[in-house]
Amino acid sequence: MRIAFTANGPGEVAGWLRPLLRSLYSRARDLEAFVFLVPDDYATGFEAAMVREAFPRARVYDPKSYVKFALGARLDSAPAGVDVVQYVGGDLLHAARLHARLRGRAATYKFSRRAYRRLFDRAFAVDSNNADQLAEWGTPRERIERVGNLAIDGALFEASQPPEPGTPVDGILVMPGSRVYEIENLVPFFFGMALRVLQERPEIPIAFALSPFTSREQVRRAIETGGHRRMFGRRGRLVSDGGDFLTDGDGTRIPVLWNALAAARHARLAVTIPGTKTIELAVLGTPAIAITPLNAPEVVTINGPLTYLDRVPLVGVPLKRAAAVALSRRFEYHTQPNIDAGEPRVCEVHGTVTPGRVARVALERYDDRAWLAFAADGLARLYRDHVGAADRMAESLLALAA
């Protein structure tokens with residue numbers, strides 16, 4: 001049985017592809033998986049290595065190899081055909097192009113467009129709202145199947161692993177993101193926040209949790225340069241001595257961990273940014289603060305062509321700043337758990353922020369037992385019925401491929 005997948009950035013690879021492949025391999029011993037990583041502005045460059053390490057049997061193609069294949073070149077290890085092409089991230093046109101080359105049937109997860117209403121034999125939905133959205137895009141109702149959010153199963157698996165030394169038990173866990181501009185700017189920013197927290201409350205355990213898509217060299221460069229000047233980050237050093245630590249040179253050592261969710265299960269509070277990680281924290285029932293900093297909006301990645309505005313001479317940077325601010329103000333909530341709940345279970349902080357301001361919010365929430373209980377209970381219940389999404393989708397996908 002042969003299934004090809006399109007995937008792109010760290011969120012989709014870790015949150016969608018990984019739990020789905022884990023379930024598929026457990027059910028189909030003869031599975032041949034072909035993972036095509038497509039070009040994407042959110043990609044870190046470490047996606048291919050991560051998939052190969054997690055699934056040695058899978059054949060994995062980096063974006064450059066995929067582009068060659070999509071344009072008609074032959075790849076020695078690429079199949080002549082597959083049973084199903086499954087979209088799990090990236091632009092839908094890549095799934096369409098892959099299907100044109102490999103044939104078989106086609107399936108999508110969460111996304112479609114009217115142009116592809118005849119392409120997909122099955123469309124897997126996250127929830128009932130997503131099912132309605134797929135139908136609005138022209139997908140026949142009989143082809144839509146609600147399975148749940150794959151990221152939930154991925155989060156539970158990661159959280160079940162043993163915690164690393166330095167896990168901030170009943171403390172604060174900082175999750176700064178994995179995209180290049182997030183590492184460059186938010187590691188120094190959150191380092192400044194952590195130092196402020198420890199200055200006021202040195203007894204509170206605090207640690208950073210970084211993605212497996214992030215290299216130590218990236219972290220080292222980020223903490224030594226201090227990030228964009230308008231992010232007000234703090235410089236420091238990354239030291240590896242019986243573990244990884246961020247240090248300010250004055251004796252403060254903050255642990256750096258590499259399995260965020262195993263640590264989050266034991267933390268009282270997480271501080272992060274909007275993205276898949278807020279869903280993962282929600283399923284664990286870990287209260288969270290998510291910041292949307294608009295200090296330097298020209299460095300962020302925006303979906304679509306607006307992300308390239310800053311490359312336009314003279315007027316590009318102010319235009320992108322204006323576009324990012326307008327986009328931020330357009331939505332009341334920036335995190336998926338709050339959007340799904342229709343109320344602020346995750347504490348969101350928007351706009352121009354400083355490490356001191358975020359430290360103050362973190363300490364207030366850390367000490368607010370009523371809010372902690374409100375957040376933890378609501379978040380844990382929010383995605384309870386999504387558990388098992390990977391198993392449901394794997395069973396259906398295998399039936400489609402048979």
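Mind listing whichever residues of region 249-292 are over 12 Å from residue 166 (Cα atoms) and assigned to a strand (DSSP E or B)?
Across region 249-292, the qualifying residues are 269, 270, 271, 272, 288, 289, 290, 291, 292.
Determine which member of the set 364, 348 is at pLDDT 95 or above, open to solvent by 20 Å² or more (accessible area, probe 1.4 Å), under 19 Å from the mean Cα position of the chain (by Cα) and closer than 27 Å to residue 379 by Cβ.
348
Taking region 308-324, which residues are under 22 Å from the mean Cα position of the chain (by Cα) and either in contact (Cβ under 8 Å) with a residue 24 or more places away in the chain or farther than 20 Å from residue 41 by Cβ (or both)?
324
Okay, residues lined up against (1) hydroxyl-bearing (Ser, Thr, Tyr); (2) touching a residue at least 24 places away in the same chain (Cβ under 8 Å):
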{"position": "250", "(1), (2)": "no, no"}
{"position": "263", "(1), (2)": "no, yes"}
{"position": "266", "(1), (2)": "no, yes"}
{"position": "273", "(1), (2)": "no, yes"}
{"position": "285", "(1), (2)": "no, yes"}
{"position": "301", "(1), (2)": "yes, yes"}
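Which numbered condition in (1) farther than 25 Å from residue 266 by Cβ; (2) open to solvent by less than 10 Å² (accessible area, probe 1.4 Å) is the only one that residue 215 fails?
In the conditions (1) farther than 25 Å from residue 266 by Cβ; (2) open to solvent by less than 10 Å² (accessible area, probe 1.4 Å), residue 215 misses (2) alone.
For region 301-345, give me each residue that is in a loop (DSSP other than H, G, I, E, B) and either at pLDDT 95 or above or closer than 30 Å to residue 374 by Cβ (or both).
331, 332, 333, 334, 335, 342, 343, 344, 345
For region 142-150, state whether one or more residues are surrounded by fewer than 22 Cβ atoms within 10 Å (Cβ to Cβ) and farther than 22 Å from residue 398 by Cβ.
no
Yes/no per residue for (1) within 29 Å of residue 143 (Cα to Cα); (2) surrounded by fewer than 19 Cβ atoms within 10 Å (Cβ to Cβ):
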{"residue": "52", "(1), (2)": "no, yes"}
{"residue": "60", "(1), (2)": "yes, no"}
{"residue": "68", "(1), (2)": "no, yes"}
{"residue": "81", "(1), (2)": "yes, yes"}
{"residue": "86", "(1), (2)": "yes, no"}
{"residue": "93", "(1), (2)": "yes, yes"}
{"residue": "97", "(1), (2)": "yes, no"}
{"residue": "103", "(1), (2)": "yes, yes"}
{"residue": "109", "(1), (2)": "yes, no"}
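Here is a check on your reading of the model: is residue 180 surrounded by fewer than 24 Cβ atoms within 10 Å (Cβ to Cβ) and β-branched (Val, Ile, Thr)?
yes
Which one is farthest from residue 245 (Cα to Cα), of the residues in region 212-228 that are in a loop (DSSP other than H, G, I, E, B) and under 20 Å from the mean Cα position of the chain (by Cα)?
213
Only one of these conditions is not met by residue 113: (1) of a type in the set (D, E, K, R); (2) in contact (Cβ under 8 Å) with a residue 40 or more places away in the chain; (3) surrounded by fewer than 21 Cβ atoms within 10 Å (Cβ to Cβ). Which number is it?
It is condition (2) that residue 113 fails.
Restricting attention to region 376-402, which residues are hydroxyl-bearing (Ser, Thr, Tyr) and either surrounded by fewer than 20 Cβ atoms within 10 Å (Cβ to Cβ) or on the phi > 0 side of the Ramachandran plot (or both)? Break it down stepwise before answering.
Kept after step one, since they are hydroxyl-bearing (Ser, Thr, Tyr), are these residues of region 376-402: 383, 396.
The answer is 396, and nothing else.
With respect to residue 373, determine if the residue is crowded, with 19+ Cβ neighbours inside 10 Å, at pLDDT 95 or above, over 30 Å from residue 103 (Cβ atoms) and among the aliphatic types (A, V, I, L, M).
no
Which condition from (1) touching a residue at least 40 places away in the same chain (Cβ under 8 Å); (2) of a type outside the set (Gly, Ala, Ser); (3) surrounded by fewer than 19 Cβ atoms within 10 Å (Cβ to Cβ); (4) assigned to a helix (DSSP H, G or I) is the one that residue 64 breaks?
Every listed condition holds for residue 64 apart from (1).
Can you run down the residue pairs with Cβ atoms below 7 Å, 6 or more apart or on separate chains, where the first is in region 1-17 and part of a helix (DSSP H, G or I) and the partner is at pLDDT below 90 and open to solvent by less than 10 Å² (accessible area, probe 1.4 Å)?
Matching pairs, first to second residue: 10/213.
Answer yes if at least one residue in region 122-145 is within 25 Å of residue 289 (Cα to Cα), in contact (Cβ under 8 Å) with a residue 40 or more places away in the chain and touching a helix residue (DSSP H, G or I) at 6+ places or on another chain (Cβ under 7 Å), and no otherwise.
Looking for residues that are within 25 Å of residue 289 (Cα to Cα), in contact (Cβ under 8 Å) with a residue 40 or more places away in the chain and touching a helix residue (DSSP H, G or I) at 6+ places or on another chain (Cβ under 7 Å), one finds none in region 122-145, hence no.
The values are calculated or read from the model by the stated rules, or taken from the named source; none is laboratory data. Model, not experiment: these values are computed from the prediction. Glycine gets a Cβ as well: all are built from the backbone with ideal geometry, and neighbour counts include every protein chain shown. Calculation scope for accessible area: heavy atoms of the full protein, side chains included, ligands and nucleic acids excluded. Shrake-Rupley method; radii C 1.70, N 1.55, O 1.52, S 1.80 Å.
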